[in-house]
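The values are calculated or read from the model by the stated rules, or taken from the named source; none is laboratory data. What you see is a predicted model, and the numbers here were worked out from it, not measured in a lab. Positions of Cβ are backbone-derived with ideal geometry, glycine not excepted, and every protein chain shown enters the neighbour counts.
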Amino acid sequence: MGYEIISSADAVTDSNAIYGIDFKFNTSGVFEPMKTTIKQVRANLKNLLLTQLGERYFLPEFGSELLEVLFQPNTDELKPIIQDIIFRSVQKWLPYLGVNVDITTADDDPRLTDAVRVTVRGFVDDLTLDPIVIFASPDGLTVTGDSN
């Protein structure tokens, strides 16, 4: 079986191609086909950030340490640690993807005394992904911006 290699611009507009599936367990139907590469790239980024190292069988180095540090004391000292974790993981597993990371802690917003918000914006060439917002608080972890 052969595969045709096409440009990213063509892939984004090819409405007949399915590039992956989205796991949306809070809606009707479990699997939703992703028909654009930009949605698949975003799903790959989200999967990478939310997978803990050692969690994936046969690929224990896949993932990031992000979930391990999000519940540390949320001061400005935490910001470079989170950024480094995200940048290293993306560089290793999604090297074609650029990311911008915005971290909001209690030092930035006093309302976040026990919480931290991480916003990750990815881009490939001239294409920009919808942001992924990870919010860690005493109530747990929420991921918003799921507009896949």
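Tabulated data for the structure shown
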item	result
Members of segment 110-136 that are more than 17 Å from Thr51 (Cβ to Cβ), modelled with pLDDT of 85 or more and in contact with a strand residue (DSSP E or B) (Cβ under 8 Å, 6 or more places away or on another chain)	Ala115, Val116, Arg117, Thr119, Arg121, Phe123, Val124, Thr128, Leu129, Pro131, Val133, Phe135
Residue that is farthest from Leu97 (Cα to Cα) [pool: residues in segment 38-68 that are at pLDDT below 90 and of a type in the set (Val, Ile, Thr)]	Ile38
Count of segment 125-148 residues which are surrounded by fewer than 17 Cβ atoms within 10 Å (Cβ to Cβ) and part of a strand (DSSP E or B)	8
Residue tally, condition in a strand (DSSP E or B) and either touching an Asp or Glu at 6+ places or on another chain (Cβ under 6 Å) or without any contact (Cβ under 8 Å) to a residue 12 or more places away in the chain (or both), over segment 91-122	1
Number of the condition not met by Asp22 [criteria: (1) modelled with pLDDT under 75; (2) among the charged types (D, E, K, R); (3) assigned to a helix (DSSP H, G or I)]	(3)
Where a residue in segment 28-55 is within 28 Å of Asp126 (Cα to Cα) and surrounded by fewer than 18 Cβ atoms within 10 Å (Cβ to Cβ) and its partner, wherever it lies, is among the β-branched types (Val, Ile, Thr) and modelled with pLDDT under 85, with Cβ under 9 Å and at least six apart	Glu32/Ile21; Pro33/Ile18; Pro33/Ile21; Lys35/Ile18
Total residues in segment 129-143, condition closer than 22 Å to Ser89 by Cα and without any contact (Cβ under 8 Å) to a residue 12 or more places away in the chain	1
Of all residues in segment 93-109 being over 21 Å from Phe62 (Cα atoms) and not hydrophobic (A, V, I, L, M, F, W, C), the one that is modelled with the highest pLDDT	Asp102
Odd one out for Asp76, checked against (1) within 18 Å of the chain's Cα centre (by Cα); (2) in a loop (DSSP other than H, G, I, E, B); (3) of a type in the set (D, E, K, R)	(1)
Those residues of segment 54-66 which are under 15 Å from Leu141 (Cβ atoms) and touching a helix residue (DSSP H, G or I) at 6+ places or on another chain (Cβ under 7 Å), in sequence order	Gly63, Ser64, Glu65, Leu66
